[in-house]
Each structure stands twice: as C-alpha cells, then as structure tokens.
Amino acid sequence: MSKTVVITGASKGIGAATAILFARKGYNVVLNYCDSLQSVKLLSSSLTGQGLSVFTVKADVANKLETDFLINESINKFGAVDILINNAGISISGLINDMDLHDSDRIFDVNLKGVYNCCKSVVPAMISQKSGKIINISSMWGQVGASCEVAYSAAKAGVIGLTKALAKELAPSGVTVNAIAPGLIDTTMNSEYSIEEIEDFVSKIPISRMGTPDEIALATYFLASDDADYITGQVLGVNGGYVM
Ligand code: NAP
C-alpha cells in the first residue's frame with residue numbers, strides 16, 4: 001500500500017517541489033495551503049492529470065483546530081499519515097526596532113507554533129501505528145542568526161530545539177524527527193531582495209549559486225525514506241557550504 005505524506009505549505013516553492021517528488025515516487029500526497037488557492041489548484045490538477053494521488057487541504061498551521069482538521073482529513077482520505085513535512089513558513093525582514101509586533105507574532109505563530117501544532121496533531125496517530133517520520137524545514141538562519149531577521153532566526157532556532165526534543169520523546173515509539181536547514185534557495189520567499197543583494201550573498205556561498213527547491217526536496221525525501229531509519233534528532237544543512 002502506498003505511504004501517505006502530509007506537506008504543509010505545498011502551494012509553491014520548496015513545498016510544491018517536494019510534493020511533485022513524492023507524488024512521482026508513488027506516495028499519496030496531501031497538499032496543504034493557506035492563501036494560494038490558485039497555485040495549489042494548478043499543482044493538484046497537474047499531478048492528478050499524471051494519474052498521481054493527491055488531496056488538497058486548506059489549513060492555517062498557526063491554528064491548532066485547523067492542523068487537527070488537516071491531519072484528520074488526511075487520515076480519513078488515505079487511512080494513515082506516514083510522513084509529516086513541516087515546510088510552511090513566512091519571512092518578514094526588518095530591524096527589530098522597526099518590526100511591527102503583529103508581524104513578529106505572525107512569524108513565531110507560523111514558523112514555530114505551526115510546526116508544534118502539526119506535530120501535536122499527528123503524534124497520537126504515529127504513536128499508535130508505532131511508526132512515522134517528521135521532517136521540519138528550519139533554516140541556516142536558525143543556526144547562525146541573520147541581521148534583520150531576528151524573529152525569523154529565533155523561530156527557526158526553535159524548530160531545531162523542537163526537533164531534537166521530540167526526536168528523543170518519540171524514538172521509543174518508532175517515530176523519527178529530523179530537520180533540514182536550507183541555505184539561500186531560489187523561491188519567491190527571497191523576491192524582496194534586489195539582484196545586487198542576492199549576488200552579494202551568492203559570492204559568500206562556496207558552491208557559488210543559490211540552491212533549488214528540488215535540492216531541498218531530495219534531502220527531505222532521503223530523511224523520509226527507510227534508508228534514514230537510524231537517523232533522528234539531526235539537522236541536515238543544505239546550503240552550498242555556506243558557514244558564517
Ligand atoms: P514560499 O515559496 O514563500 O512558500 C511558502 C509556503 O508556506 C507557501 O506554500 C505558503 O502557502 C505556505 N504558508 C505560509 N503561511 C502558511 C500558513 N499559515 N499555513 C499553511 N501554509 C502556509 O517559501 P519557500 O522558500 O518555499 O519556503 C518553504 C520553507 O523553507 C519555509 O519554512 C522557509 O522558512 C524555509 N526556508 C526557505 C529558504 C529560502 O531561501 N527560500 C531558506 C531557508 C528556509 P500559501 O501561499 O498558500 O499561504
């Protein structure tokens with residue numbers, strides 16, 4: 001029987017690339033989105049048009065009732081959730097002095113509380129089936145911190161702490177929990193930066209280019225596979241060798 005993967009924030013960018021990879025590999029894929037209905041519709045119809053198994057659920061990961069709905073709908077549709085990929089995220093940059101509290105609250109609510117909510121919603125089912133894989137998309141900024149991204153860096157560092165703690169808690173139940181810390185990846189999340197700012201950043205990356213969403217999808221796919229059964233509580237940097 002095909003395994004089922006729930007991918008939060010699958011309407012575009014890294015989440016969409018991950019959904020395409022898992023669907024092509026034969027998984028049942030739950031596409032979660034929050035605002036981008038048109039994008040998720042296009043993705044869903046393209047995948048179903050190829051005969052692949054996908055199901056779309058709207059849910060704001062910052063809201064626990066909605067993450068419960070996401071996981072329950074996924075189980076109702078496919079019978080189980082084998083893999084949860086916590087990918088949904090937002091970025092709002094600015095100096096801490098200029099940052100609106102509403103914006104920083106939203107960064108914490110989506111990027112950290114959203115991961116916590118989805119884990120809390122899925123953990124009872126994974127414990128009772130005695131198996132599961134959770135992969136959290138953090139960021140290199142959660143490892144080294146970024147100026148003008150204090151809330152984002154703190155939330156992503158929180159995701160790393162959550163990953164390590166939950167890995168210990170769930171290991172006896174046969175569930176692994178790992179994180180990926182992407183570097184600079186070519187998605188709309190970075191569209192607020194000018195070409196000059198991107199070029200300046202790229203000049204500091206040893207591999208001398210941005211990463212692609214597909215490269216994050218492939219790393220996620222490995223951590224979700226049986227080949228990664230003995231890996232838990234780890235943070236995999238996919239960053240072109242960037243170290244600050
Ligand atoms: P993106 O293209 O902006 O996509 C973000 C996704 O998150 C969208 O599908 C969006 O869905 C979803 N999302 C946002 N708020 C949500 C909410 N409240 N509930 C459910 N879904 C929500 O960004 P990306 O670059 O692919 O980023 C994906 C993940 O990688 C994020 O966690 C990001 O922090 C992380 N990351 C990215 C980079 C990078 O350089 N791009 C680097 C490090 C880490 P809707 O549009 O439907 O709301």
Considering each of Lys164, Lys156 in turn, give the residue that is surrounded by fewer than 22 Cβ atoms within 10 Å (Cβ to Cβ) and over 19 Å from Asn72 (Cα atoms). Lys164
Among residues of the stretch 160-196, those that are modelled with pLDDT of 95 or more, under 21 Å from Gly94 (Cβ atoms) and among the charged types (D, E, K, R), counted: 1
Can you spot a residue in the stretch 117-127 that is in a strand (DSSP E or B), open to solvent by less than 10 Å² (accessible area, probe 1.4 Å), within 13 Å of the ligand (Cβ to nearest atom) and touching a residue at least 12 places away in the same chain (Cβ under 8 Å)? no
Among the residues of the stretch 6-17, write down those that are part of a helix (DSSP H, G or I) and under 19 Å from Glu66 (Cβ atoms). Gly15
Can you say whether Val61 is modelled with pLDDT of 95 or more and more than 9 Å from the ligand (Cβ to nearest atom), as far as the supplied structure shows? no
Which one is nearest to the ligand (Cβ to nearest atom) among residues in the stretch 91-111 that are of a type in the set (Asp, Glu) and not in a loop (DSSP other than H, G, I, E, B)? Asp109
Checked the stretch 37-67 for anything hydroxyl-bearing (Ser, Thr, Tyr) and open to solvent by 30 Å² or more (accessible area, probe 1.4 Å); matches are Ser39, Ser45, Ser46, Thr48, Ser53, Thr56
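The values are calculated or read from the model by the stated rules, or taken from the named source; none is laboratory data. All figures in this text were calculated on a predicted structure; none of them were measured in a lab. Don't worry about glycine lacking a Cβ; one is built from the backbone with ideal geometry, like all the others, and counts go over all protein chains shown. Heavy atoms of the whole protein, side chains included, go into the accessibility calculation; ligands, DNA and RNA do not. Shrake-Rupley method; radii C 1.70, N 1.55, O 1.52, S 1.80 Å.
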